[in-house]
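Undergrad: The structure that follows is given in the form of structure tokens.
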Amino acid sequence: MIRFFNTLSGEIEIFEPLRPGEVRLYTCGPTVYDYAHIGNFRAYIFEDLLKRFLIYSGYKVFHVMNITDVDDKTIRNSQALGLSLAEYTKKYIEAFFEDIKTLNILPADVYPRATEHIPEMVKLIKILLAKGYAYEKDGSIYYSIARFPGYGKLAKIKPEELKIGARIEADEYEKEMAHDFALWKKRKEGEPYWETELGPGRPGWHIECSAMSMKYLGETFDIHCGGVDNIFPHHENEIAQSEAATGKPFVRYWLHCHHLIVEGEKMSKSKGNFYTLRDLLARGVDPLALRFLLLSTHYRKTLNFTFEALHQAAASLDRLRDFQLELESRTFPEGESQEIGEIIETATREFREGLSDDLNISTALSAIFSLVKKVNIQLQQGKLKLRDALALKRWLREIDQVLAVLPPPPKELPAEIMEKIKLREKARQEKNYALADRIRQELLEQGIVLEDTREGTRWKIISRKKQSPS
Ligand code: AMP
Ligand code: ZN
């Protein structure tokens, strides 16, 4: 049973997707006006942990992440450089995809771009106009928050705090300024615009996510994520837009991660404590140690990034990598022990239970390191058997489907070895077991273990030279 804290109800709830076995997930993606910073990656890695854990738990996840390639900031920056919006954002979109790959973040199934979904947004705004939730004023179109009874339910704003009748054009504003917000901004001199049935102009930020999430995930979907700064106004406005248009609940579980701060302070360029992933890579930081650090604080706690903490995360990760290398590089006597089976079972249960409890990563990580500690004692005492080592390696691969911090297994073997594996397969089919066993032994001496499964023979490399820790 998986439980999550739902920002909407303010409570921990049992997670049950709308369609059994399938999760429909929307995560607010980057506004591509600059390189993503490590705060953004805290959000994306939290979302990746969530998604990977759902997959590990047997769900099929359909994930949509938008790319905001038109908003106040992208327009301002492209204008400052005299570039078109598309010329300006291209560089940051490419950088974003490179960065998520570097951090082992699973790609989304769809990355809709705002500029490619203007018709969907226009359609949604037209519905809101027709239903009386939106009105036109001086060529722009605004959402009337007074018309939507549930306005403020996500950000917990009291009705008396709403600034009824006041309007705001900006995409981002404070909770104290819960105004009618712009759905469609009329064309401004020098700004990009679209010629539409609503008149020439461009969409507000919030309508982008309502239109694109519902297009790909349906009018009601399972999980919507972002950082806490997205709760208001962005997600509050998404709910108001979508629910007013469809008359249905928009999202069932809202999950928000708390912010990353640096050395106890809000990250800002003016303070000189602002880091992109690229800044850290230039300093020689191992990106997977950064991933490990970013995922190892519970998502609902503020994450204080320090170089000391990064150093410690790298050291913990090295412990795990060294453990894996020990298992891969030693040879073990045949057999298995009951004790290792029990250690793996306990660790798996604690890992799973921890993450099922609103992604309690501390419990999950202590389950892992407690296993490492116990098994290391057995390794030192030379008690570990071949089947134990194989089971432990398989277990590491399984938990790394969720953490994604260990080096990937080698994908290819030299051609002559592949030939030998084929020859052995043939020998087995011909019931020439003496030859098959001889080849198996020969490969084992070269550090390659063969496992015969129903799907055929699988191989694993068990000896690799220890590389110096990065
Ligand atoms: P943006 O590109 O500004 O729209 O942000 C992309 C994602 O990063 C959103 O989910 C934000 O909530 C999240 N985010 C922005 N700053 C931080 C931060 N300092 N810590 C954690 N998440 C953040
Ligand atoms: Zn969004």
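Undergrad: Name, by its number, the condition in (1) surrounded by fewer than 16 Cβ atoms within 10 Å (Cβ to Cβ); (2) more than 15 Å from ligand 2 (Cβ to nearest atom) that does not hold for Val110.
TA: Here Val110 clears every test but (2).
Undergrad: Checking the conditions here, which among Thr31, Thr7 is more than 23 Å from Thr115 (Cβ to Cβ) and within 16 Å of ligand 1 (Cβ to nearest atom)?
TA: From the options Thr31, Thr7, the qualifying one is Thr7.
Undergrad: Looking only at segment 200-221, count every residue that is away from ligand 1 (no atom under 13 Å from the Cβ), over 18 Å from Lys153 (Cβ atoms), not small (Gly, Ala, Ser) and not in a loop (DSSP other than H, G, I, E, B) and tell me the total.
TA: The qualifying residues number 8.
Undergrad: Residue by residue through segment 247-291, note down the ones that are part of a helix (DSSP H, G or I) and surrounded by fewer than 22 Cβ atoms within 10 Å (Cβ to Cβ).
TA: Lys269, Ser270, Lys271, Arg278, Asp279, Leu280, Leu281, Ala282, Pro287, Leu288
Undergrad: Give, as residue ranges, the helices (runs of 4 or more DSSP H) completely inside segment 352-437 that count at least 1 residues that are under 20 Å from the mean Cα position of the chain (by Cα) and buried (at least 20 other Cβ atoms within 10 Å of the Cβ). Outline the logic, then answer.
TA: Numbers: elements: 361-380, 386-403, 415-429.
Correct list: 361-380, 386-403.
Undergrad: What are the pairs with Cβ atoms under 7 angstrom where one residue, in segment 231-246, is among the polar types (S, T, N, Q) and in a helix (DSSP H, G or I) and the other, located anywhere, is at pLDDT 95 or above and surrounded by fewer than 22 Cβ atoms within 10 Å (Cβ to Cβ)? Sequence gap at least six, or different chains.
TA: Thr246/Glu219
Undergrad: Filter segment 265-310 for residues that are over 21 Å from the mean Cα position of the chain (by Cα) and of a type in the set (Gly, Ala, Ser); which is farthest from ligand 1 (Cβ to nearest atom)?
TA: Gly284
Undergrad: Tell me yes or no: at least one residue of segment 232-246 is touching a strand residue (DSSP E or B) at 6+ places or on another chain (Cβ under 9 Å), away from ligand 1 (no atom under 16 Å from the Cβ) and not aliphatic (A, V, I, L, M).
TA: Yes, that holds for at least one residue.
Undergrad: Tell me, which residue of segment 214-247 that is touching a helix residue (DSSP H, G or I) at 6+ places or on another chain (Cβ under 9 Å) and hydroxyl-bearing (Ser, Thr, Tyr) is nearest to ligand 2 (Cβ to nearest atom)?
TA: Step by step, filter segment 214-247, then rank; the result is Ser242.
Undergrad: Is there a residue in segment 73-90 that is modelled with pLDDT of 95 or more, surrounded by fewer than 22 Cβ atoms within 10 Å (Cβ to Cβ) and under 24 Å from the mean Cα position of the chain (by Cα)?
TA: For segment 73-90, residues modelled with pLDDT of 95 or more, surrounded by fewer than 22 Cβ atoms within 10 Å (Cβ to Cβ) and under 24 Å from the mean Cα position of the chain (by Cα): present.
Undergrad: Scan segment 38-58 and give yes if some residue there is in contact with a strand residue (DSSP E or B) (Cβ under 7 Å, 6 or more places away or on another chain), more than 8 Å from ligand 1 (Cβ to nearest atom) and hydroxyl-bearing (Ser, Thr, Tyr), otherwise no.
TA: no
Undergrad: Out of (1) out of contact with any Leu (no Cβ under 9 Å at 6 or more places or on another chain); (2) closer than 28 Å to Phe274 by Cα; (3) at pLDDT 95 or above; (4) surrounded by fewer than 23 Cβ atoms within 10 Å (Cβ to Cβ), what's the single condition that is false for Ile14?
TA: The single condition Ile14 does not satisfy is (2).
Undergrad: Among the listed residues Ala314, Ala309, which satisfies the condition of being in a helix (DSSP H, G or I) and either among the polar types (S, T, N, Q) or crowded, with 18+ Cβ neighbours inside 10 Å (or both)?
TA: Ala314
Undergrad: Also, quick follow-up: Restricting attention to segment 26-65, which residues are closer than 17 Å to Val262 by Cβ and hydroxyl-bearing (Ser, Thr, Tyr)?
TA: Passing the criteria: only Tyr35.
Undergrad: Looking only at segment 59-77, decide whether some residue is within 16 Å of ligand 1 (Cβ to nearest atom), of a type in the set (A, V, I, L, M) and part of a helix (DSSP H, G or I).
TA: Yes: one or more hits.
Undergrad: Same structure again: Which one is nearest to ligand 2 (Cβ to nearest atom), of the residues in segment 168-213 that are within 21 Å of Gly132 (Cα to Cα) and among the aromatic types (Phe, Trp, Tyr)?
TA: Trp205
Undergrad: When both residues are 6+ apart or on different chains and their Cβ atoms are under 6 Å apart, which pairs have a first residue that lies in segment 104-121 and is at positive phi, and a second that is crowded, with 19+ Cβ neighbours inside 10 Å and not in a helix (DSSP H, G or I)?
TA: Short answer, once both residue conditions are applied: Asn104/Ala404.
Undergrad: Separate question: If only one of Val262, Val228 is within 12 Å of ligand 1 (Cβ to nearest atom), more than 19 Å from the chain's Cα centre (by Cα) and aliphatic (A, V, I, L, M), which one is it?
TA: Val262
Undergrad: Follow-up. Within the set of pairs 6+ apart or on separate chains, which have a first residue in segment 373-397 that is in contact (Cβ under 8 Å) with a residue 40 or more places away in the chain and more than 17 Å from Arg458 (Cα to Cα), a second that is surrounded by fewer than 19 Cβ atoms within 10 Å (Cβ to Cβ) and among the aromatic types (Phe, Trp, Tyr), and C-beta atoms under 7 Å apart?
TA: The qualifying pairs are Leu384/Phe332; Lys385/Phe332.
Undergrad: Just to be sure I understand, how many residues within segment 30-47 are within 15 Å of ligand 2 (Cβ to nearest atom) and surrounded by fewer than 22 Cβ atoms within 10 Å (Cβ to Cβ)?
TA: The total comes to 2.
Undergrad: Quick check on this structure: which one of Ala170, Ala182, Ala146, Ala155 is within 25 Å of Ile67 (Cα to Cα), outside any loop (DSSP other than H, G, I, E, B) and small (Gly, Ala, Ser)?
TA: The match here is Ala182.
The values are calculated or read from the model by the stated rules, or taken from the named source; none is laboratory data. Keep in mind it's a predicted model, so treat the numbers as computed, not measured. Note: ideal-geometry Cβ built from the backbone for every residue, glycine included; neighbour counts use all protein chains shown.
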